[in-house]
Amino acid sequence: MIVLGIESTAHTFGVGIVDDKGKILADQRIQHRPKEGGIRPRDAAQMMSEHGAEIVKRALEEAKITMNDVDAIAFAIGPGLGPCLRTGAIVARFLAKKYNKPLVGVNHCIAHIEVGKLVQNLKDPLVVYLSGANTQIIALANGRYRIFGETLDIGLGNLLDSWGRAVGIPFPAGPKIEELARNDKKFIPLPYTVKGSDLAFSGLYTAAKRAAEKNRIEDVAYSLQEVAFSMVAEVAERALAHTEKKEVLLVGGVAANRRLQEIIKTMAEDHDASFHVVPMKYAADNGVMIAWTGLLMFKAGNTTPIDAPVNPKFRTDQVDVLWI
Ligand code: AMP
Ligand code: MG
């Protein structure tokens with residue numbers, strides 16, 4: 001069985017092709033890169049509609065197959081930016097209709113989890129999902145990926161990117177903040193907001209923005225990371241103690257951060273859980289994760305009607321996980 005998957009929730013248009021052994025046959029991507037500021041959804045969608053067909057073609061060439069060899073078309077149905085989601089969905093519906101293939105709408109967050117499990121060979125991890133828009137602590141319980149803690153306002157990556165923008169660091173600011181934070185270690189107290197098993201970043205953002213007006217930028221970058229990552233570690237630890245999972249998986253773009261990895265690894269090992277990070281290639285948004293999750297869903301009997309609308313607010317815990 002072969003599934004072609006299309007990712008288009010934010011800045012990346014990706015097409016992946018996988019088979020039922022978990023072999024990755026193709027992985028083609030193109031990214032919207034704003035000249036300044038954050039993602040512009042309509043510009044991103046425009047780029048996707050201009051280059052979408054070409055990326056599909058390149059993926060088929062890479063896999064050395066034709067559309068006739070494909071058993072199903074998967075696409076990211078949400079969550080994400082409306083214009084981007086709709087563009088990917090149009091490409092998927094077109095392919096499904098033209099080549100008479102079943103369609104599978106995939107939850108983007110779940111795809112991050114499933115591809116992480118595939119490449120790290122995991123069974124049942126507690127997932128710490130930290131991306132631009134999303135910050136969730138997730139674990140499988142009673143047939144769904146349940147959210148054991150999440151941000152009440154902005155995502156962790158968004159916090160870093162917004163603060164970066166405020167102090168003149170271009171998008172995406174995460175890597176540069178990590179580099180700045182490594183050089184200096186004077187801690188400036190900043191607000192730490194954990195509410196039960198959830199967290200919030202906007203107070204921290206405002207305080208860190210103000211702190212940058214009268215402190216060295218390296219000190220603020222360091223303190224911002226320490227406070228934000230400690231908040232994540234606290235809610236992740238609470239979920240780990242509760243679920244008693246034996247594996248911890250870090251996914252999403254922010255997972256690239258070495259300091260964050262160190263903090264979550266220490267926390268996991270304190271609870272005798274093994275620690276895993278998705279390799280950066282698959283931590284970033286990509287079509288492979290959509291193809292693989294689509295394949296698991298399709299094998300379990302899931303398909304999506306051709307006229308199903310995209311869902312920009314689709315939650316991780318709304319999907320019945322029939323494939324596990
Ligand atoms: P995603 O939304 O999963 O594509 O991830 C993108 C986010 O990851 C952006 O907010 C980036 O700033 C962030 N990011 C990438 N690399 C790093 C890093 N080394 N440290 C912290 N954040 C990072
Ligand atoms: Mg993502």
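The values are calculated or read from the model by the stated rules, or taken from the named source; none is laboratory data. Predicted, not measured: the structure shown is a model, and the values here were computed from it. Note: ideal-geometry Cβ built from the backbone for every residue, glycine included; neighbour counts use all protein chains shown. Calculation scope for accessible area: heavy atoms of the full protein, side chains included, ligands and nucleic acids excluded. Shrake-Rupley method; radii C 1.70, N 1.55, O 1.52, S 1.80 Å.
Things to note:
- Of the criteria (1) surrounded by 21 or more Cβ atoms within 10 Å (Cβ to Cβ); (2) assigned to a loop (DSSP other than H, G, I, E, B), which one ASN100 fails: (1)
- Criterion (modelled with pLDDT under 95, in the same structural domain as VAL310 (by TED's automatic domain parsing) and of a type in the set (D, E, K, R)) met by exactly one of ARG29, ARG40: ARG40
- Search result, residues across segment 111-136 that are surrounded by 24 or more Cβ atoms within 10 Å (Cβ to Cβ), within 14 Å of ligand 1 (Cβ to nearest atom) and either of a type in the set (A, V, I, L, M, F, W, C) or in a strand (DSSP E or B) (or both): ALA111, ILE113, VAL115, VAL127, VAL128, TYR129, LEU130, THR135, GLN136
- Residue list for segment 163-180, filter: buried (at least 21 other Cβ atoms within 10 Å of the Cβ) and away from ligand 2 (no atom under 16 Å from the Cβ): TRP163, GLY164, ALA173, ILE177, LEU180
- Only listed residue being open to solvent by 60 Å² or more (accessible area, probe 1.4 Å) and within 13 Å of LEU160 (Cβ to Cβ), chosen from LYS185, LYS209: LYS209
- So ALA53, is it surrounded by 18 or more Cβ atoms within 10 Å (Cβ to Cβ) and aliphatic (A, V, I, L, M): no
- The set of residues in segment 273-301 being in contact with a strand residue (DSSP E or B) (Cβ under 6 Å, 6 or more places away or on another chain), part of a loop (DSSP other than H, G, I, E, B) and either open to solvent by 10 Å² or more (accessible area, probe 1.4 Å) or within 16 Å of ligand 2 (Cβ to nearest atom) (or both) consists of VAL278, ASP285, ASN286.
- Flag for MET47 being surrounded by 14 or more Cβ atoms within 10 Å (Cβ to Cβ) and either within 16 Å of ligand 1 (Cβ to nearest atom) or at pLDDT 95 or above (or both): yes
- Residues in segment 286-324 that are of a type in the set (A, V, I, L, M) and under 16 Å from the mean Cα position of the chain (by Cα): VAL288, MET289, ILE290, ALA291.
- Only residues that are within 16 Å of ligand 2 (Cβ to nearest atom) and either of a type in the set (A, V, I, L, M) or open to solvent by 40 Å² or more (accessible area, probe 1.4 Å) (or both) were counted across segment 138-149, and they come to 2.
- Residues that are more than 12 Å from ligand 1 (Cβ to nearest atom) and small (Gly, Ala, Ser), drawn from segment 137-163: ALA139, ALA141, GLY143, GLY149
- Checked against the criterion of being over 23 Å from the mean Cα position of the chain (by Cα) and not charged (D, E, K, R), the candidates THR206, THR243, THR193 yield just one match: THR206.
- Qualifying residue in segment 184-200 (condition: within 16 Å of ligand 2 (Cβ to nearest atom) and at pLDDT 95 or above): no
- The residues in segment 137-152 that are without any contact (Cβ under 8 Å) to a residue 60 or more places away in the chain and not in a strand (DSSP E or B) can be counted, and the count is 2.
- Filtered by the rule that a residue be part of a helix (DSSP H, G or I) and among the polar types (S, T, N, Q), segment 210-238 gives SER223, GLN225, SER230.
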